Amino acid sequence: MSTRNGRVTPEAFPPPVDSPKEFVKRGLDPEDELIEVGVAIVGGGTAGLACANRLLQLLADDPETMERLGEVPVAVIEKAKTCGGHNLSGAVMRPGPLQELFPDLSREQWREEGFAFGEVKKEAIYVLPNGRTKVRIPPPPPQRNHGNEVISVSGLARYQQRLVEEGGAYILTETSATQLIVEDGRVVGVRSGDKGRGKDGEPLSNFEPGTDIKAQATVLAEGCWGSLTGAAIREFDLAADREPQVWELGVKEIWKVPKPLDRVIHTLAGWPLKISSKYHQIGGSWIYPMKDAKSGEDLVSIGFVIDLEYADATTSAHDLLQEFKTHPLVRSILADGERVAWGAKAIPAGGYWAMPKLSMPGALLVGDAGGMVNLAALKGVHYAIKSGMLAAESIYAALRRGQSSFEAYEQAVEDSIIGKELWEQRNTRQPFAKGLIRGGPLVNLMIATKGRFPGGRWSLHRNDAQPMFIGETKDSYPRPDGKYIFDKLSSVFISGNATRDDAPNHIRVRKRVPRELAETWRWMCPAGVYEIPDDAPEHGEVDVIVNYTNCVQCGAITAKGGRLTTPEGGDGPLYQLL
Ligand SMILES: Cc1cc2nc3c(=O)[nH]c(=O)nc-3n(C[C@H](O)[C@H](O)[C@H](O)COP(=O)(O)OP(=O)(O)OC[C@H]3O[C@@H](n4cnc5c(N)ncnc54)[C@H](O)[C@@H]3O)c2cc1C
Ligand code: SF4
């Protein structure tokens, strides 16, 4: 079946991937061919590094357990050139968990270290009826940000990396973990990917094979929809009885501006999205001030987030952000400024009911890999830090007692701020499936009653089950001028993307699909990876050209019928300030 009621759904064209076969390795290589570590952490983002930071704090006071973990007690495996290179967030952070992780570090010192940019003192929320006017509304409770801190997650990860290295852990950057190693029903480590293969997988002159990394505990901190996380969810049936995970896609720019912005701004729904339920377009924007304590420069973080449930194939988060910038509200902030950074990333948006079981024999899920994001508040950084800390504490407690089960972590998450906040927002997102006009009032009711009314468990619908049509959202995207409005390729250029031209293709999609699906990918991809040949027919099936070396690994393709698999370590963007 390729259509639903005569319309094309992405799920009918599954990507050519055999997840258990490709991403799970049965058994370890012989002892003399592998690397042995105590705890292997896959992903050097905020969650994985918080886990490493906390483990090192606990082990520093316990040489006996440290000894039991071997020569390399903690190893972090990160595919980017450096930790932070692939991390992107809004990012206004709730400060509690970071203060708990580093109690001796003041917020003033966060700013001196260069990853924090000031406390939120003023805020404003607008609904935009059209491209000219704005209506200010009181901030709904999840979006109140007073007292939070504007940060850069990419900067925070670099800071955490430094502390992890000083604490004696081993950080393998430019290294992808490509397989989960399972032996006798237990995760016993991961395999790092080969390096130096050509387009067709052939070994080049600089070829280096991957290695098995054996671990007493493995932490999957891969962020949004990692390959090993997906394999683990299938292998251990971690999503049984849960709702399907769903995603949003955010595109962000940083601007150097001549005059400081004095408040955090959000816009909800409305322009430039179409509010008719036919389009299923739900989203919003942020504009955050960033005062660089070192240089004294005034910066602004601006971004647009779109729910990947949309139905119009011509919806493009990249172009919607460009269109949003034409509103007088935004022009007045960015006028005479200069864009200095750009990036894009998907966010798990299903919340409480879509979170998989967080533990399996030998391994745990933390941060976005465990679906820990509060979309009503657009907050996940403090959960990433807290879940990393809780994972470290559960692993440490088990290993110290010579036990091998880390299940206590699940209850610890449930009892923490993560479980509490996500439970209150458990049904906040689902009513939007009815469209903005019918679903909006229900969402407000869910927020006001902290999920108690209408109550129950509201189901989520897979993003790839949405029938797609070729609409006219694209007609109002502004023309790039290279100064204020940008095209996708110039955006990719400033992301620092450095994927080798002859690297193997890490994007899995069908290469011949109905035009509706090809257009969906073409418009959705913020990096301009998918092209349709000029001479392709207007209707029916068309070929898709995949320029995978442009990919910034945002992960959105996984929501709409394709799959991002782990690329060669070191490939992809090199985010600095995002
Ligand atoms: C557009 C946007 C706006 C947001 N705004 C906010 C906000 O304002 N406030 C807030 O609190 N939260 C916000 N969030 C959410 C927040 O950014 C995330 O919840 C948080 O950063 C997740 O951290 P993480 O460490 O779990 O994942 P990530 O930061 O994604 O880190 C995962 C790391 O794992 C690496 N990796 C993945 N797979 C592998 C592999 N197989 N091998 C090796 N390395 C691997 C990646 O390269 C990456 O470095 C936003 C998110 C987005 C996308
Ligand atoms: S090709 Fe890469 S950048 Fe484009 S949507 Fe897919 S994962 Fe994102």
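The values are calculated or read from the model by the stated rules, or taken from the named source; none is laboratory data. Here the structure is a predicted model, which means the values were calculated and not measured. So basically every Cβ, Gly included, is an ideal-geometry build from the backbone, and we count neighbours across all protein chains shown. What goes into the accessible areas is simple: the full protein's heavy atoms, side chains included, and nothing from ligands, DNA or RNA. Shrake-Rupley method; radii C 1.70, N 1.55, O 1.52, S 1.80 Å.
Looking only at segment 511-559, count every residue that is under 19 Å from Ser316 (Cα atoms) and either open to solvent by 40 Å² or more (accessible area, probe 1.4 Å) or within 16 Å of ligand 1 (Cβ to nearest atom) (or both) and tell me the total.
19
For segment 150-197, what are the residues that are aromatic (Phe, Trp, Tyr) and either touching a residue at least 60 places away in the same chain (Cβ under 8 Å) or in contact with a Pro (Cβ under 9 Å, 6 or more places away or on another chain) (or both)?
Tyr170
Looking only at segment 138-162, which residues are of a type outside the set (S, T, N, Q) and in a helix (DSSP H, G or I)?
Correct list: Pro141, Pro142, Val153, Gly155, Leu156, Ala157, Arg158, Tyr159, Arg162.
If Gln576 passes every condition in (1) of a type in the set (S, T, N, Q); (2) surrounded by fewer than 22 Cβ atoms within 10 Å (Cβ to Cβ); (3) away from ligand 1 (no atom under 16 Å from the Cβ) but one, which one does it miss?
In the conditions (1) of a type in the set (S, T, N, Q); (2) surrounded by fewer than 22 Cβ atoms within 10 Å (Cβ to Cβ); (3) away from ligand 1 (no atom under 16 Å from the Cβ), Gln576 misses (3) alone.
Applying the selection to segment 80-134, what residues are open to solvent by 50 Å² or more (accessible area, probe 1.4 Å), within 16 Å of ligand 1 (Cβ to nearest atom) and over 22 Å from His146 (Cα atoms)?
Answer for segment 80-134, where residues must be open to solvent by 50 Å² or more (accessible area, probe 1.4 Å), within 16 Å of ligand 1 (Cβ to nearest atom) and over 22 Å from His146 (Cα atoms): just Lys81.
Considering every residue within segment 130-148, establish whether at least one is closer than 25 Å to Asn87 by Cβ and of a type in the set (Gly, Ala, Ser).
yes
State which residue pairs qualify: first residue within 17 Å of Ser227 (Cβ to Cβ) and charged (D, E, K, R) and inside segment 535-563, second residue more than 13 Å from ligand 1 (Cβ to nearest atom) and open to solvent by 50 Å² or more (accessible area, probe 1.4 Å) in any location, beta carbons under 9 Å apart, and separation of 6 or more residues or different chains.
Matching pairs, first to second residue: Arg563/Pro14; Arg563/Pro16; Arg563/Arg508.
With the structure loaded, tell me whether Ser387 is surrounded by 21 or more Cβ atoms within 10 Å (Cβ to Cβ), of a type in the set (Gly, Ala, Ser) and under 17 Å from the mean Cα position of the chain (by Cα) or whether it fails that test.
yes
Hey, can you tell me all the residues within segment 262-274 that are open to solvent by 30 Å² or more (accessible area, probe 1.4 Å) and touching a Pro at 6+ places or on another chain (Cβ under 8 Å)?
Within segment 262-274, Asp262, Arg263, Trp271 meet the criteria.
Taking only pairs six or more apart or across chains, which ones have beta-carbon atoms under 8 Å, a first residue in segment 396-409 that is among the hydrophobic types (A, V, I, L, M, F, W, C), and a second residue that is open to solvent by 60 Å² or more (accessible area, probe 1.4 Å) and not in a loop (DSSP other than H, G, I, E, B)?
Listed by first residue and then by second, the contacts come to Ala397/Ala408; Ala398/Ala408; Leu399/Arg68; Leu399/Gln216.
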